[in-house]
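The values are calculated or read from the model by the stated rules, or taken from the named source; none is laboratory data. Keep in mind that this is a model prediction, so the values were computed, not measured. All Cβ positions, glycine included, derive from the backbone under ideal geometry; neighbour counts span all protein chains shown. Areas reflect the complete protein model, heavy atoms only, side chains present, ligands, DNA and RNA absent. Shrake-Rupley method; radii C 1.70, N 1.55, O 1.52, S 1.80 Å.
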Amino acid sequence: MATKKHLFPQVDHFYKANLHTHSTISDGKLTPKEVKEAYKALGYQILCLTDHNTIANHSDMNDPDFLMLTGVEINVNAPDYGAIGGQTYHLNLIAKKPDNIWSPAKVFRRFPAAAEYEDKMQCEEMDLHCNPDSINAMITKANEKGFLVMYNHPTWSCQTYPDYAPLKGLWGMELRNTECCLLGHNENNFRVYKDLLTLGNRIYPLGTDDMHSPRALGQSWIMVGASDLSYDSVIEALEKGDFYMSSGPEITRLYVEGDVLKVTCSDAQRITMETHGRMAKAVIAEDEPLREAEFSLDRFFTKTSGDPDAFIYITVTAPDGSYATTRAYYMNELK
C-alpha cells in the first residue's frame, strides 16, 4: 500500500486570520478595539492591524480566543503617484515578535491618531524610492530586523512585470484583496503569483480584506494550521506556509498517496491543479458539486525530471465563484 504523505499540517483545527487591516490610527473607519470585535464576531481568531506607516503593539487586546499580531503597511510612492497611473509599492511587515516596533522610515503620511505611537517607533530612516532596488533594500533590512514581508495589491498599485519581477525576499503576496475588489479592481492576482513562483520565489498566497470600512469585513482570509494560538506558534506556521487562502471554500485535506494528489473540500464547481509549466489539470462538476478530486502526478514527475523548483498548487472554486488556493508544493514535498 502506498504511503500517505500529508501536505497540510496535522493539527486539531485551523485558525481564521486577516493580515491586512486598517483602523483610526491611519485611514480606517473603526478604532482598533472595534476592528478586533468585528472580526471576532465573524469567527476570526487572528488579526494584524497594519496601519499606514505606523507600527504598534496591540497585545493588550489579546484574549484566550484571539491573537493580535504586530504589523504595519509601508507605502513608497512614485513622484507621479497622484496621476491616474501613478505607481506605488505597498508592503506589509509582520513582526515575528509582538514587541518589535521597528520601521524602515519615519512616518511620512501623518494621521492624527498615530501621534501617540510615533515616538515609540524605532525608525531606521532609510531613503526609500519607488523602484525595485530601493524596495529590495527595504525588504532585506526588514527580514534582518525580524519581519515577514508581504507584497500588497499590485493591480491597484499600477504595477507591471518589470516592477515586481526583480523583488526578492518576499514571504507572501496578496492573491486577493477585498477592498480593492470592492473598488472595482481585479485584485485576484494569479498571474503575479505564478510569475513570482516561476522566477524561483518561495512565496505564499494570501487573502486579505485590507479593511478600511465595514463593507470589506470578512471576505478574504487565510486559514492557519498552527499548533495553538500563541504568537510564536502562529508565526512558525506562517513562516512554514502552513495555511491556505480563501474567499469562501474550505479545503479540508490535501495529501499525496503514491503518485496521486488528493484533495477534499467544501462544495466546489471546479478543482484545479496548476504547475509551473503547462500541465494544469481541472476537475469540473457536472450534476452535483464536487467534494473531492484526484490528480495523477506521474506526468509531472516525469516531465520535471526531479527539478527541485518544480511546483504545483491547488485552487478550489465554489459554485458562487469564490475560491481557495494553497501555497506551492515542491518536488521534495510531493515524492
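Only helical DSSP H runs with n ≥ 4 go in: add -39500 (n - 2.57) per run for the chain, normalise by residue count and round the 222 nm mean residue ellipticity to 500 deg cm²/dmol. Don't skip to the answer; put the middle values down first.
Details: 9 runs with 67 residues, N = 335.
Value at 222 nm, helices only: -5000 deg cm²/dmol.
Around HIS20, which amide H atoms from residues at least 5 apart in sequence, or from another chain, sit under 5 Å from its own amide H, with H modelled in the peptide plane?
Result for HIS20 returns CYS48, ASP209, ASP210.
With every protein chain present, what accessible area does PHE243 have (1.4 Å probe, heavy atoms only), rounded to the nearest 10 Å²?
Its heavy atoms expose roughly 10 Å² to the probe.
Work out the FRET efficiency for SER59 and ALA115 from their Cβ-Cβ distance, taking R0 = 25 Å, and round it to the nearest 0.05. Don't skip to the answer; put the middle values down first.
Details: r = 20 Å, r/R0 = 0.82.
For SER59 and ALA115, the calculated efficiency is 0.75.
Among ALA142, THR155, GLY43, whose Cα projects farthest towards the positive end of the dipole of region 10-160, with charges put on the beta-carbon of Lys, Arg (+1) and Asp, Glu (-1)?
Comparing the listed Cα positions along the dipole, GLY43 ranks first.
If DNA, RNA and ligands are ignored and the probe is 1.4 Å, what is the ranking of ARG191, ARG176 by accessible area, most exposed first?
Values: ARG191 150, ARG176 45 Å².
Descending order: ARG191, ARG176.
Leaving ligands, DNA and RNA out of it, work out the accessible area of HIS153 with a 1.4 Å probe and give it in Å² to the nearest 10.
Per-residue accessible area (HIS153): approximately 0 Å².
Two decimals, Cα atoms only, Kirkwood Rh: what is Rg/Rh over region 254-306?
On the way: Rg = 12.0 Å, Rh = 11.9 Å.
Over the Cα atoms of region 254-306, Rg/Rh equals 1.01.
Between ASP307 and SER233, what FRET efficiency comes out of the Förster formula 1/(1 + (r/R0)^6) with R0 = 30 Å and r the beta carbon distance, rounded to 0.05? Provide the component values of the computation, followed by the final result.
Numbers: r = 33 Å, r/R0 = 1.09.
Efficiency for this residue pair is about 0.40.
Provide, for q = 0.25, 0.32 Å⁻¹, the log10 of I(q)/I(0) from a solvent-free Debye sum over equal Cα point scatterers in region 1-43.
Once normalised to I(0) and log-transformed, intensities are -0.91, -1.16.
Place a +1 charge on the Cβ of each Lys and Arg in the chain and a -1 charge on the Cβ of each Asp and Glu, then give the dipole magnitude about the Cα centre in debye, rounded to the nearest 20. Please list the in-between numbers first.
Numbers: 32 positive and 46 negative charges, 116 e Å.
The dipole magnitude comes to about 560 debye.
Once you have the alpha carbon radius of gyration of region 17-79, what is it after dividing by 2.2 N^0.38 Å, with N set to its residue count?
Values: Rg = 11.9 Å, N = 63, 2.2 N^0.38 = 10.6 Å.
Cα-based Rg divided by the globular estimate yields 1.12.
Top to bottom by accessible area (1.4 Å), largest first, where do SER246, SER266 land? Before the final figure, lay out the partial values.
On the way: SER246 0, SER266 30 Å².
Ranked list, largest accessible area first: SER266, SER246.
Please report, in whole Å³, the volume per residue of the convex hull around the C-alpha atoms of region 205-273.
In region 205-273, the Cα hull volume divided by residue count equals 132 Å³.
Which of rounded, prolate, oblate describes region 192-335, given a ≥ b ≥ c as roots of the alpha-carbon gyration tensor eigenvalues and a/c under 1.5 marking rounded, otherwise prolate only if a/b is larger than b/c?
Values: a/c = 1.71, a/b = 1.23, b/c = 1.39.
Taking the square roots of the gyration eigenvalues as a ≥ b ≥ c, region 192-335 is oblate.
Among THR31, THR317, TYR231, whose Cα projects farthest towards the positive end of the dipole of the chain, with charges put on the beta-carbon of Lys, Arg (+1) and Asp, Glu (-1)?
Of the candidates, THR317 comes out farthest on the positive side.
For GLU239, tell me the accessible area in Å² from a 1.4 Å probe, rounded to the nearest 10.
Estimated to the nearest 10 Å², GLU239 gives 80 Å².
What is the ratio of the Cα radius of gyration of the chain to 2.2 N^0.38 Å, with N the residue count, to two decimals? Kindly include the intermediate steps, with their values, before the conclusion.
Details: Rg = 19.7 Å, N = 335, 2.2 N^0.38 = 20.0 Å.
Compactness ratio reported: 0.98.
Give the value in nm², to one decimal: projected area of the alpha carbon convex hull of region 47-170, averaged over all directions.
8.1 nm²
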